[in-house]
Each structure stands twice: as structure tokens, then as C-alpha cells.
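Structure first, commentary second.
The values are calculated or read from the model by the stated rules, or taken from the named source; none is laboratory data. All values reported here derive from a predicted model rather than from experimental measurement. We place every Cβ from the backbone using ideal geometry, glycine too, and count neighbours over all the protein chains shown. Ligands, DNA and RNA are excluded from the accessible area calculation, which covers all protein heavy atoms including side chains. Shrake-Rupley method; radii C 1.70, N 1.55, O 1.52, S 1.80 Å.
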Amino acid sequence: MDMMPAAPVRDRLPDGARLLFESVEERQLIDGALVASCDLGTLDVLDPSTGGVLGRAPAAGEADVAAAVAAAVRAFPAWRDTAARARGKAVAEGARRIEAEIADLAPLLALETGKAIRTECRPELGSAVDILSMYAGLAGELKGETVPYDPGMLAYTLREPLGVVAAILPWNVPLVLMMLKIAPALVAGNTVVVKASEEAPFATIAAAKLLADALPPGVLNVICGTGADCGGPLVLHPRVAKVTFTGSQPVGEAIHAMAATKLMPVSLELGGKSPMIVFGDADLDRAVEGAFAGMRFTRMGQSCTASSRIYVHRSLYDRFLDALVLRLEAMVIGDPLDEATDAGAVVNVRQKQKIEALLAEGASVDGVELRTVGRLPQDSLLKDGLFVLPVLCLGATEDNVLMREEIFGPVTCLVPFDDDAAVLQAANDSDFGLAATLWTRDLKRGLTMAQRIEAGFIQVNRTLTIQPNLAYGGFKKSGLGKEASLAAMLEHFTRVKTIVVDLG
Ligand code: NAD
């Protein structure tokens, strides 16, 4: 039988996206130019929906780190001394350039992450632009204070940039997470070196180039390599003044330890095991939709805030379960580039195996039932794709691995409860404290519980994605510091200098 050779994965990209991809393949952004890695060659980047190789990304090492940091160091004094409103204007111009290219950036993001273009990638790019635009408008807010002191004395504080900021990204929402770091850092007058995720670097580098073209060379640099070869040396580089990291808890802890050797500030956005609590008086339809959205099933659950522990009052439990199963059965899992697809693939083989291993371990305990829902795609093109069906875990106790560990897959636990005090205790019995959602028609109960839940971001009767002006960040092992909001820019990307003048 004649076998047609498979078309290269890149042929799946529409023309504009393919051109954009080819402009950044094997390239990283240093000193305003797209350049090859100086030391370690390249890494393969997969299309998770077919299992094929999409393209090659640079495998940066210490020499690349040194080149990128040197460019950022050179660019810093002039950028620091640029009027804040001019910095804001440049960032706003970068936002417009990215917005104009969303149609080409979105397929690239979809193909390298496996995420569906309609439900995930275009909305992510829209949010990325919103974040840049908001911070661009906040340049005038980089204010210090005057401080009451002795008569004849003027005492005041200045906020000044830190220098070179390193931003290390994960693969799951790379564009939004990059902008949450670099927009406030740049507007505050820092220069930046981003370490893109080696799993999904192309849309990151392409979007960064569009933004960088609106900035002086060297103000924004992006390198790509593994954590060991590129991320670690970047953290340890003596000219890097601050690291902002989003990723897994173990890597966050390692970066924290490395930063301590330099006494360098770090902000860490790490994992989560976020509870959703559906009280007996909740609006069932809204709560079910909230579970679907909050668990980020359209992103295959690959979200740090995923509602992966859903506590439902016993009076609603059966109806809630039936309705959630129906909702999940209606979800179309398939080709990320297809407009009809609701959810694509998980990002890589390691992630798929991790999900499967945790499910096997969790289900090995008596009384645990895994309810698998939905249909895998039937298209032969996708036969080797990394697709995972949603799983509802029923009957797990608080000590089950599926209740304790971040799975980062389309798996959530459903647990019935009887009283508020017990569910509050269960919800707080976690190493993590990133987010929570509460569902009730009784506002007093909602607000009281919101005050007692140990998590940094709480929503009552709704679940939404990160908004640029709402401070976002976890308690406990979910991280250190906040992202988004004016406060995050001031706290994490400036330092305060006190000046006292004797006027006499
Ligand atoms: P990861 O921790 O494996 O990698 C994140 C980044 O760190 C990558 O760029 C990687 O190359 C780099 N890295 C790895 N080892 C390093 C080292 N020793 N030194 C410096 N850099 C290193 O995470 P991931 O698999 O890319 O992303 C998934 C994780 O991200 C999940 O745990 C998820 O909860 C977390 N996440 C958190 C948030 C949040 O806002 N809290 C948002 C998204 C993702």
C-alpha cells in the first residue's frame, strides 16, 4: 500500500502564522535582534495535538544568558532616565502592534501548546494586550511620598527601578504570564530578560519582538533554553537584580534558594489545589457552569487556579454531578486549530504520564471511583495527539493524592459536605492557597467564608480569569508576592529611596 509521507506540522499553520513562526524559529531576542543561540544548539518543540515536531527553538546556555543580560545592562541607564510617560507610551504602542497580529499569533500559540484557538488562545492574546495597555497608563503612578519630619527639613521617598529583571515563564498561559511580569517591570523603568518556556517559546518570542520593536534595543530580551542550562544561570547572574517566576512549586523553591545566595528579591507564582464550595442555597446552573469554567476544562485543566477540589452540599450533590457530566459530554475535544474545538491536547508526554500516574495512584484506594467523561477525537491526523478525557474523581478522602497534589490535567474531585464549619476546615487543609470560589445566594455566608478561606484570590458566585487591575497571588506554597494591579508594579518592580534635605 502506498503511504503518503506526512506533511510537516508547520504546514498546519495558516500563511501569516507560518511566516511569523519562521521568523522566530531557532531565534531568540537579544539587543533588539532575532539571533541564534550562541552555545547549545536547538531543542525540538512539539505540536501536542499530532505528536509531530513543530520546529526548533534555541537551547540557550550561559553564553546566551551573558549576552542577553549584557544587552539589558547597557540599555538600563537610558531607559531608567526616559520620562515615565514616554515609557508608558512605548509600551502602549507595543500593545497595539501585538493586537494587530493576534490573528497570526493565535494559531502559533495553539499549535505549540495544544490549546484550543477559539476558547483559549485568542482570549489569552486579548488579555495580554489588556495587561500591557493597563500598565502603559499607570506610568504616572510611580510616585513616592513626602514624610513629616522636623521643621526645616524636607523628607520624601522616590520609587526607582531595580535594574535588570529576569522573568521565567511556564508553558500553560505564556503570553498573559509574560505580560504580567514585563509590562509593570518595563513601565517602572527596568530592563528585562525573559526566559521563555522551552515547551512553547514561539508565540512568546514573536509577541515580544513586536513589543520590543516599539522600545529601544536591549530593553526587552527573550532567551529560550532548559531550566538547568538557561534558567538557573539567569537567576544566578550577578547583574540580575530581581527574578519573577511562574511555574511549579519545586522549581519555585529552587529559585528562591538560588536568589537567597545573592540576597535578591523574588516573586513566585506557584501551584494550586483550589477549592470550590457549592452551598445548599447556590444557583445550581451557575455553579455547574462555574465548575466547568473554573476547572479550566477547555485548557485541559492546565491552570494553577483550577477548581480541582469541588465541595458540594449533600442536598445538591447528585444533581450537580449529573449536570456537570452533561456539560462535559458536550465539550468538543479536538484539533486546537479547529474553530469548533472547545479543548485541545495536554502540552507534552511528561504531563500526560503525570496525570495518568496520579489517577492510578488515587484510584488504587478503596472507595474511589473515577468517572471518565466525553469523547476522544476521531480524526486520524490526531491519532498520536496527547488527548486526555475529563475525569471526575468521586469518593476520595482528604488524604487522597488526587485531593492533595496539583494534577495540572482535566481531573477534579467532587466531595459532598454537610456543614459550613467542616467544609471550611477541609478547604483550608491544603499546602496550597492560591484561589477559591464560593457559590451561595446568602451574601453574608459568602463574605464570611471569603474572609476565612486561606487563599489569595477568592470569587463569590463567579469565576473569571486574571484581570490586570486585580492583585493576584497565592498564600502558603502557592507563592510569594502578587501580580497584576498597580500595587504589584510598585512593590515588585521598584525600590524606595528616602531623601532628607535640611532646608536651613
Ligand atoms: P516548571 O516549574 O517546570 O517550569 C517553569 C519555568 O521554569 C520553565 O521556563 C523552566 O524552564 C524553568 N525552570 C525549570 N527549572 C529551573 C531552574 N532550576 N532554574 C530556573 N528556571 C527553571 O513549570 P511548567 O511545567 O512550565 O508549568 C506548570 C506549573 O506552573 C504548574 O505547577 C502550575 O501550577 C504553575 N503555574 C502557576 C501559575 C500561577 O500564577 N500561580 C500560573 C501558571 C502556571
* Structure fact -> Long-range alpha-carbon pairs in the range 195-299, meaning those over 20 Å apart, account in percent for 58 percent
* Which distance in nm do the two modelled labels at Leu389 and Phe475 give, with both placed 7 Å along the Cα-to-Cβ direction? -> 3.8 nm
* Per residue solvent-accessible surface (Å²) - the range 239-371, probe of 1.4 Å -> 38 Å²
* **Given charges at Cβ of Lys, Arg, Asp, Glu: the chain dipole, positive-most of Ala110, Ile255, Ser380** => Ile255
* Taking 7 Å along the Cα-to-C-beta vector as the label spot, tell me the Leu263-Glu93 distance in nanometres, rounded to one decimal. => 4.0 nm
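Note the direction-averaged projected area, equal to a quarter of the hull surface, for the Cα convex hull of the chain, in nm².
Numbers: hull surface 105.4 nm².
Its average projected convex-hull area is 26.4 nm².
Can you compute the helix-only [θ] at 222 nm over the chain? Use -39500 (n - 2.57) per DSSP H run of at least 4 residues, normalise by all residues, nearest 500 deg cm²/dmol.
Result for the chain, helices only: -11500 deg cm²/dmol.
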* Give the cross-link partners of Lys352 among the lysines, using a straight C-alpha distance below 25 Å as the criterion and excluding same-chain residues fewer than 8 apart. => Lys115, Lys195, Lys273, Lys383, Lys477
* To do: State the answer as a single residue: which of Leu424, Pro217, Gly290 lies farthest towards the positive end of the charge dipole of the chain, with beta carbon charges of +1 for Lys and Arg and -1 for Asp and Glu, about the Cα centre.
  => Pro217
* Just how large is the dipole of the chain about the Cα centre, in debye to the nearest 20, putting +1 at every Lys and Arg Cβ and -1 at every Asp and Glu Cβ? -> 1220 debye
* To do: State, as an integer percentage, the relative contact order of the chain based on alpha-carbon contacts under 8 Å between residues 6 or more apart.
  => 18 percent
* Structure fact -> So, for the Cα atoms of the range 275-467, Rg and Dmax in Å stand at 16.2, 53
* May I ask what percent, to the nearest 5, of DSSP beta bridges between residues of the range 275-467 are antiparallel? => 15 percent
* To do: With 10 Å bins from zero, work out the P(r) of the range 1-78 over every alpha carbon pair and list the percent per bin.
  => 17, 36, 27, 15, 4, 1, 0
* Structure fact -> Rounded to the nearest 10 Å², the 1.4 Å probe accessible area of Leu424 is 30 Å²
* Find which of Thr412, Asn461, Ile499 sits farthest along the positive direction of the dipole of the range 397-504, computed with +1 on the beta-carbon of Lys and Arg, -1 on that of Asp and Glu, about the Cα centre. => Ile499
* Rg and Dmax [Cα atoms of the range 17-58; Å; Rg one decimal, Dmax integer] -> 11.3, 35
* Round to a whole number: what % of the accessible area of the chain belongs to carbon and sulfur, probe 1.4 Å? -> 54 percent
* Between the range 429-481 and the range 64-113, the alpha-carbon center distance in angstrom -> 31 Å
* Under 17 Å from Lys482, Cα to Cα: aspartates and glutamates that are on another chain or at least 8 residues apart -> Glu253, Glu269, Glu454, Glu491
* Asked: Long-range amide H contacts for Leu54: which residues qualify at under 5 Å (H placed 1.01 Å from N, peptide plane, sequence gap of 5 or more or a different chain)?
  -> Val45, Leu46, Asp47
* Sequence-separation-based contact order of the range 24-168, relative, with Cα cut under 8 Å and 6+ spacing, percent -> 19 percent
* Asked: Where Rh denotes the Kirkwood radius from the mean inverse Cα pair distance, what is Rg over Rh for the range 316-373?
  -> 1.06
